[in-house]
Every structure is written in structure tokens, then in C-alpha cells.
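To keep things clear, I will list the structure first and then write my remarks on it.
Rule-based calculations on the coordinates, nothing more; no lab input. No experiment lies behind these values; they were computed from the predicted model shown. Every residue, glycine as well, gets a Cβ built from its backbone with ideal geometry; the counts of neighbours run over all protein chains shown.
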Amino acid sequence: MPTTMTKDTFKELLKGDDHLKYEKDNVLLGLNIIAKYLPNKGVEAAEHDIIYSVSVDEILAAGITEEDVIELANLNWIIEDQYLACFI
């Protein structure tokens, strides 16, 4: 049985600074990862140059894996006000 990830682990994985940088649509690819866990969620809010998606608590409760958190980090997703967010 997989171990449940903590919010602290999630934050540490997401803020790593040695991640790969993609030249693809990092917003869409990140939303696809989020949709694996929360298929009825997506972009929840937007500002001038940033979109917000689900809360960290929601995606943790849905069982996101360490590998997918690292992939979100690779896609330059961040935590902003307790929500996953990505600059566009």
C-alpha cells in the first residue's frame, strides 16, 4: 500500500531548484497531471500572468504520487496561497 505524502514533502519536492525545464506547454501538461487525480478540476482562477488550480490539500487527499509532484516541479508549477499555480 502506498504511503500518503505529507504537505511538507509535497512542498519540498515542488520547490527544488534543479529541475528540468520543458519547452512544451507546461500549463497544459501540469493540468493533465492534476486531472489524473481530480478529473473535475482544472483552472480555478487566473490573474494577468498566472493561473491557479487545485489546493495542495485537495491533490494530497486525492493521492498524488511523488513522481507526479516532481513532474509538476519540472513543469515549473509552484504553490501560491496554498494552491498549485503556474505562470503563463
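With the convex hull drawn around the C-alpha atoms of segment 7-87, the volume per residue stands at 85 Å³.
Once both labels are positioned 7 Å from their Cα atoms along Cα-to-Cβ, the gap between Thr9 and Ile78 label points is 2.5 nm.
Helical content of the chain, expressed as a calculated mean residue ellipticity at 222 nm, amounts to -11000 deg cm²/dmol (DSSP H runs of 4 or more residues, -39,500 (n - 2.57) each, divided by residue number, nearest 500). Between amide H atoms placed 1.01 Å from N, distances below 5 Å from Ile50 occur with Ile88, all of them 5 or more places distant or on a separate chain. Normalised by the number of residues in the chain, the average gap of Cα pairs under 8 Å and 6 or more apart makes the relative contact order 39 percent.
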